[in-house]
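What follows is a single structure, written as structure tokens, with notes after it.
The values are calculated or read from the model by the stated rules, or taken from the named source; none is laboratory data. This is a predicted model, so every value here is computed, not measured. Positions of Cβ are generated from backbone atoms using ideal geometry, with glycine treated the same way; all protein chains shown enter the neighbour counts.
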Amino acid sequence: MQLTDDEKAIRDGSEGEARAHAMDLLVRYGIALGAERLVDTNSVCGGVVGSLPGRRDILPEDQRMDMDAVFSLLNLDSDKRLEIPRVKTMSYKLIDAVDMEKADIQRVPLKTQVLAKNVGDFCTRVGINKCNTCAPYQIGNVPVYGEHCAWMESSAVIYINSLLGARSNVEGAHSTAAASLVGKIPYWGYHTPEGRKADYVIDFTYDVQTMLEWGLAGYYIGEKVQEHTPVINGVTHTPHANNLKHFGAAAASAGGVEMFHMPGITPEAQNEAHALGPNKAIERIEFGRAQLEEAYGYFNTATDTDVDFIVIGCPHASLDQVKRVAELLDGKHLSANTDLWIFTPRALKTMATRMGYTESIERAGAHVMSDSCAALSKVYPKGVKVAATDSCKQAHYLPAILGFQTWLGSTEDCVNAALTGKWTGTLA
Amino acid sequence: MSQITLHGRGVVPGVVEGEALVTTQTISGFGGIDSKTGTITEIRHELRGQSFKGKVLVFPGAKGSSGWASHFQTTRLAGNAPLAMIFTILTTKMALGAVVTRVPAVTDLDQDPLKVIKTGDWVRVDGTNGRVDVTPKDLQND
């Protein structure tokens, strides 16, 4: 791999041990990829490991609350404890373990709260912005077309690659940590013009409209194309950002899709041929009503219609989605046996509170939560057996991680279930 | 059957040899393995319940959450990492995972390792030079 003089100097220690290690890790990672060089980045989104119990237990007991030691091992894969300096790039932290304002309702043990605060204090010290959301593009972190980024969360990467034309691979905890310290990432994959071209063609023959339908379309396509890049024909209208967020999140969790093209909608493809560039389509796949129903059938393996827990906001809800739930719940009250938690970035909760949405939702007995996620933070009400969600991604993870029977439906189906305690959702 | 040599690209340097564990299915990190035992746990996976600890893991590559590398790093820290990795689909998850698992790894081989190598074969993995030598199981007692 070709390194610049600056990169070599940093690797050799000109800016201290931690940045030397970070550069060395990125070089080894670049070699593993077969990358020819690194590229500058000033936009990093990653996870800071250590908020959830368990992960730190691998460290010696006397180092477990020492974030320099924790970060060195779990985020930089260093055998040696490094003194972590302030980050060089704009860096944003993804989901945390807890919403500190709702910790009791989330039933987060005090020990986890202490760990999360320890991580938070470290982020403040080194300058990693504690956005604590999987959807940072909803709160002002909007990369520019062509900007090289090092982002980790797959639903966010597919969003910025596809909708904004920013350039990122799905990074990991170690590569984002190293990138934030030295402002570099391997120039490979979606950073390169040729790496962004489509190699599958999807023809919509069904007029995909609702958020549920968009999610199911994404999930179906993800299953079919795995880690490839599809171009989607036949979209009849300009979809709402919420729908494309759900489409991408589903495609990324069902397969490993990191980018899609939609001629006329996404910025890098005027038409199918342009999206494919020099590639020949590996396969042409139809998405019609039958495929929509097939995808719906992947979910809804639940059998018990008595629903205990509704999860909305995966990826974290936009202000529009919070508003919609507030309108559906306004003046009503949840069934005594059912909880509804909607997750949204802290910044949007502030706005929701200003607009009265939080009050409408919470007066109904539901909760607006931030900084956390049911599946990832493993937070849920006591005694849950049956859950429901309006997100394919959450429905993909809830049974696997928390072991709940899980229903998938529209936001309206989910709110109805919260009000009645019964699941009656269907594919319209 | 005789010894087979495959040539490809080294991903992580180093040379080891051991018994192969082969799957034609990609592997999830988050929700797919138990890092504390090195066992595949994904419900629909053909290797469910089997451990890759100390084995030459031959598989298409990584799938699922971007936490893949962290989960495989944990297998190493807990002493349950595979001995080496041979894979066919290169992704960022796979490359970073191989780097932090710190085991010799090879890809881009001139024959399909998922077809050539069988579970139980004795395999020498040279991640420095991108070379794999396979001694089929039925030759091992000769």
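Kindly evaluate residue A:349 against the criterion of being basic (Lys, Arg), within 14 Å of chain B (Cβ to nearest Cβ) and in contact with a helix residue (DSSP H, G or I) (Cβ under 7 Å, 6 or more places away or on another chain).
No.
When residue B:138 is evaluated against the numbered criteria (1) away from every other protein chain (no Cβ under 12 Å); (2) part of a helix (DSSP H, G or I); (3) at pLDDT 95 or above, which criterion, by number, is the only one it fails?
(3)
Which residue is nearest to residue A:197 (Cα to Cα), if the candidates are limited to region A:212-234 and must be without any contact (Cβ under 8 Å) to a residue 60 or more places away in the chain and hydrophobic (A, V, I, L, M, F, W, C)?
A:231
Of the conditions (1) hydrophobic (A, V, I, L, M, F, W, C); (2) touching a residue at least 40 places away in the same chain (Cβ under 8 Å); (3) at the interface with chain A (Cβ under 7 Å from one of its Cβ atoms), residue B:81 satisfies every one except a single condition; which number is it?
(3)
When you go through A:189, A:215, A:195 one by one, which is the residue that is buried (at least 19 other Cβ atoms within 10 Å of the Cβ) and within 14 Å of chain B (Cβ to nearest Cβ)? Before you say what the answer is, go through the steps one by one.
Working: A:215 fails: within 14 Å of chain B (Cβ to nearest Cβ); A:195 fails: buried (at least 19 other Cβ atoms within 10 Å of the Cβ).
Sole residue among the options that is buried (at least 19 other Cβ atoms within 10 Å of the Cβ) and within 14 Å of chain B (Cβ to nearest Cβ): A:189.
Which condition number does residue A:163 fail, the rest of (1) within 14 Å of chain B (Cβ to nearest Cβ); (2) within 25 Å of residue A:241 (Cα to Cα); (3) touching a Phe, Trp or Tyr at 6+ places or on another chain (Cβ under 9 Å) being met?
It fails just one condition, (1).
In region A:313-337, what residues are touching a Phe, Trp or Tyr at 6+ places or on another chain (Cβ under 7 Å) and of a type in the set (Val, Ile, Thr)?
Answer for region A:313-337, where residues must be touching a Phe, Trp or Tyr at 6+ places or on another chain (Cβ under 7 Å) and of a type in the set (Val, Ile, Thr): just A:322.
Here's the yes/no breakdown for (1) touching a Cys at 6+ places or on another chain (Cβ under 9 Å); (2) of a type in the set (Gly, Ala, Ser); (3) at pLDDT below 95:
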site: A:16; (1), (2), (3): no, yes, no
site: A:26; (1), (2), (3): no, no, no
site: A:50; (1), (2), (3): no, yes, yes
site: A:75; (1), (2), (3): no, no, no
site: A:78; (1), (2), (3): no, yes, no
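If you take the residues of region A:235-258 that are away from every other protein chain (no Cβ under 13 Å) and either of a type in the set (D, E, K, R) or outside any helix (DSSP H, G or I) (or both), which of them is surrounded by the most Cβ atoms within 10 Å (Cβ to Cβ)?
The extreme case among them is A:245.
Might you check whether a residue that is away from chain A (no Cβ under 14 Å), closer than 25 Å to residue A:152 by Cα and assigned to a loop (DSSP other than H, G, I, E, B) occurs anywhere in region B:44-53?
No, region B:44-53 contains no residue that is away from chain A (no Cβ under 14 Å), closer than 25 Å to residue A:152 by Cα and assigned to a loop (DSSP other than H, G, I, E, B).
For region A:384-400, which residues satisfy the criterion of being within 14 Å of chain B (Cβ to nearest Cβ) and basic (Lys, Arg)?
Of all residues in region A:384-400, those within 14 Å of chain B (Cβ to nearest Cβ) come to A:393-400.
Residue satisfying the conditions is A:393 alone.
Hey, among the residues in region A:402-428 that are within 22 Å of residue A:247 (Cβ to Cβ) and aliphatic (A, V, I, L, M), which one's surrounded by the fewest Cβ atoms within 10 Å (Cβ to Cβ)?
A:428
Which members of region B:87-115 meet the condition of being over 20 Å from residue B:42 (Cα atoms), more than 10 Å from chain A (Cβ to nearest Cβ) and in a strand (DSSP E or B)?
Hit for region B:87-115 is B:106, nothing else.
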